[in-house]
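K.L.:
Got a structure for you, questions after.
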Amino acid sequence: MSDVPIALRFSHVAFSYEALSVLEDVNFHIHAGEFSALVGPNGSGKTTILKLILGLEQSQKGEVLLFGDAPRKNRSMIGYVPQHITYDPTFPISVLEVVRMGGLLSISRKGRLERDTAAYAALEQVELRDLAQRPYSELSGGQRRRVLVARALVAGPKMLILDEPTANMDAESEKRLFDTLRFFKGKTTILIVTHDMSTVSSLTDRVFCIGAQKPGQKGRTVVQHSLEPLLNSPTELYGGSALRVLHDVELPADYCTFDGGPNNG
Amino acid sequence: MDNLFGFFSALGNPDFPFVRNALLAGLLSSILFGVIGSVVTVKRIAGLAGAISHAVLGGIGIALYLSATGKVPGITPMAGAIVFAILAAAIIGVVSLKAKQREDTVIQAIWAIGMSIGVLFMAKTPGYTDPSSYLFGNILLISTKDLVLLFSLDVIVILLAWRFYPQIEATSFDEEFAQVRGIPTQWVFLLMLTITAVAVVLLQTFVGIVMVIAMLTLPAGTAGYWAKNLAAMMGLGTLFSALFSFGGLAAGWMLDVPVGAMVVVIAGGVFLGTAATKMLLTYRRRRALHHD
């Protein structure tokens, strides 16, 4: 049994939208400090799992524990980087103001100065400090995504969750993004949610795939798959090195790299 | 020019307090239009505000009827309007938050039903009541008591906007993220709708339903083209709104036309002009970049 605390655990989770069963008997866990990927085709339930982790939806069966408690209680420990496709380009806001938002907590108004300092530090982290005063709408798509990463970093999160971080991103921004993530690997629990089923960044420790339906079930479940190095991976992919997801080598969803076998505790 | 001079001398003339009151009302309303208008614009709830302000006519109609028939003596149109506004805001708020579909149908239904109730009750009210006076209002009928009410709401709105600025900004920019940060986004939204509803009632009794909707969107929309952030948008929106009100009042006086309609035409003209200029500038900048 490993001593490394568990950051996130799904136990027998089921979720459905009225008649539509989305998830059924989902079991997996992520340890603190691990770099994981959650992959699945569009419409497979990735967003639902994300919403359950963020406490935006409640499971009908089973239990989701985030750092040992209900997601709603502990979600402020998460630095969340949305895909953010619903962005309104006419919203007047500067890069610094977007990042500062990450330091907000509930209805408090305190700590404007601290939030400013933290916001500048986070912008430094993603190498965008020079653009702090620029309107957010003037940035390229890749830069905007890195601003959202900075926003997620402001509060010093124990876990980073990135939703489709490389969608519509140029190679340069992608490389810088993964440089930032490499810096945080091991220090922070990182979860990347993506529809790219074939490869993941070489930083990835574990990959969870959504999509398999157990016999007699309507909802999807989650399985863990093996990874192998991808030789000659193109340099524009994840900043240079990638791993191939072996979909035919299935590990038990609760299989754990920390003690070399299934871990239910 | 004589007319303009006449307007300014009327402003300073103690025998014409209504001109001065109208100007003061315009300036005090501008704060509401600038601050609430900016929130309504970035939060994209102008349609909801439109439905609330039109539904208010139902409350006005019922109040007029109850008072004129002696069933509830002395009930003011504003009291009826407040009840309907809060009711409409509550229904629209809950529908927007809970209903996954047909949200716009419900909102349009409330808009139409509210107005129709108003027209029906006005028709049965003894004596003649002209619904159009509530659509366009009459800024020249403002009393000192009304000004005090407006001023009070200004103070409340400024205090709320200052206190909850980070939350307003976050929920308007990225609601899901705001929720993850523990901001009670649904309550913020309902509070926004309620404040908008109360402001709409107060404003529309002076300037009319049509002008309220125009002034909640046009000055803030114009400001949005130039402002760097939401706070600047609120400030600029207030300034634009004050200028439009002053311009409309002066032009209305000089040309002897309804002030409310004049203000809306000026606000609309400036908004469309700004939008066209901005589009042209963006187009030219893109072309210049393309040729580099």
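The values are calculated or read from the model by the stated rules, or taken from the named source; none is laboratory data. On a predicted model such as this, the values are computed, not experimentally measured, just so you know. Note that each Cβ is placed from the backbone with ideal geometry, even for glycine, and that neighbours are counted across all protein chains shown.
K.L.:
Against the conditions (1) closer than 20 Å to B:Ser245 by Cα; (2) within 14 Å of chain A (Cβ to nearest Cβ), where does B:Leu135 fall short? Just the number, please.
P.N.:
It fails just one condition, (2).
K.L.:
Find the residue count for segment A:132-164, including only residues that are more than 17 Å from the chain's Cα centre (by Cα), aliphatic (A, V, I, L, M) and under 26 Å from A:Val193 (Cβ atoms).
P.N.:
Final tally of qualifying residues: 1.
K.L.:
I'd like the residue in segment B:215-229 that is among the hydrophobic types (A, V, I, L, M, F, W, C) and buried (at least 24 other Cβ atoms within 10 Å of the Cβ) and, out of all such residues, is nearest to the other protein chains (Cβ to nearest Cβ).
P.N.:
Going through the qualifying residues, I end up with B:Ala223.
K.L.:
If B:Ile156 passes every condition in (1) surrounded by 16 or more Cβ atoms within 10 Å (Cβ to Cβ); (2) more than 30 Å from B:Thr282 (Cβ to Cβ); (3) away from chain A (no Cβ under 14 Å); (4) of a type in the set (A, V, I, L, M) but one, which one does it miss?
P.N.:
(1)
K.L.:
Please determine, by comparing only the residues of segment A:123-161 that are among the small types (Gly, Ala, Ser) and over 29 Å from A:Ile30 (Cα atoms), which one is surrounded by the most Cβ atoms within 10 Å (Cβ to Cβ).
P.N.:
A:Ala132
K.L.:
Among what's in segment A:35-78 and is free of Cβ contacts under 8 Å to residues at least 24 places away in the same chain and in contact with a Leu (Cβ under 7 Å, 6 or more places away or on another chain), pick the residue that is surrounded by the fewest Cβ atoms within 10 Å (Cβ to Cβ).
P.N.:
Residue satisfying both the conditions and the ranking: A:Asn74.
K.L.:
Filter segment A:55-74 for residues that are hydrophobic (A, V, I, L, M, F, W, C) and in contact with a Gly (Cβ under 9 Å, 6 or more places away or on another chain); which is farthest from the other protein chains (Cβ to nearest Cβ)?
P.N.:
A:Val64
K.L.:
Output yes when any residue across segment B:97-105 is touching a Phe, Trp or Tyr at 6+ places or on another chain (Cβ under 8 Å) and more than 28 Å from B:Gly252 (Cα to Cα), and no when none is.
P.N.:
yes
K.L.:
Let me ask something else. Which residue out of B:Leu57, B:Leu28, B:Leu11 is in contact with a Gly (Cβ under 7 Å, 6 or more places away or on another chain) and within 20 Å of B:Leu141 (Cα to Cα)?
P.N.:
Of the residues listed, the single one that is in contact with a Gly (Cβ under 7 Å, 6 or more places away or on another chain) and within 20 Å of B:Leu141 (Cα to Cα) is B:Leu57.
K.L.:
Considering only segment A:100-118, state which residues are within 12 Å of chain B (Cβ to nearest Cβ), touching a residue at least 24 places away in the same chain (Cβ under 8 Å) and buried (at least 19 other Cβ atoms within 10 Å of the Cβ).
P.N.:
Matches in segment A:100-118: A:Arg100, A:Met101, A:Gly102, A:Gly103, A:Arg115.
K.L.:
Could I ask something else about it? Which condition does A:Val147 not pass, out of (1) at pLDDT below 85; (2) in contact with a Leu (Cβ under 8 Å, 6 or more places away or on another chain); (3) of a type in the set (Val, Ile, Thr), if it passes all the others?
P.N.:
Only one criterion is unmet by A:Val147, namely (1).
K.L.:
Which ones in segment A:8-34 are among the small types (Gly, Ala, Ser), surrounded by 17 or more Cβ atoms within 10 Å (Cβ to Cβ) and either modelled with pLDDT under 85 or over 20 Å from A:Gly186 (Cβ atoms) (or both)?
P.N.:
Within segment A:8-34, A:Ser11, A:Ala14, A:Ser21 meet the criteria.
K.L.:
Let me ask you something else. Filter segment B:42-78 for residues that are touching a residue at least 24 places away in the same chain (Cβ under 8 Å) and not hydrophobic (A, V, I, L, M, F, W, C) and give the result. Break it down stepwise before answering.
P.N.:
So in segment B:42-78, the residues touching a residue at least 24 places away in the same chain (Cβ under 8 Å) come out as B:42-43, B:45-62, B:64-65, B:68-69, B:77-78.
Listed by number, the residues that qualify are B:Lys43, B:Gly47, B:Gly50, B:Ser53, B:His54, B:Gly58, B:Gly59, B:Gly61, B:Tyr65, B:Thr69, B:Pro77.
K.L.:
Same structure, new question: Looking only at segment A:75-93, which residues are closer than 14 Å to A:Arg146 by Cα, at pLDDT 85 or above and at the interface with another protein chain (Cβ under 8 Å from one of its Cβ atoms)?
P.N.:
A:Tyr80, A:Pro82
K.L.:
Can you tell which of A:Ala152, A:Ala122 is within 14 Å of chain B (Cβ to nearest Cβ) and at pLDDT 85 or above?
P.N.:
A:Ala152
K.L.:
Only one of (1) surrounded by fewer than 21 Cβ atoms within 10 Å (Cβ to Cβ); (2) more than 21 Å from B:Ala267 (Cα to Cα); (3) in contact (Cβ under 8 Å) with a residue 24 or more places away in the chain; (4) within 14 Å of chain A (Cβ to nearest Cβ) is not met by B:Ile168, so which one is it?
P.N.:
(1)
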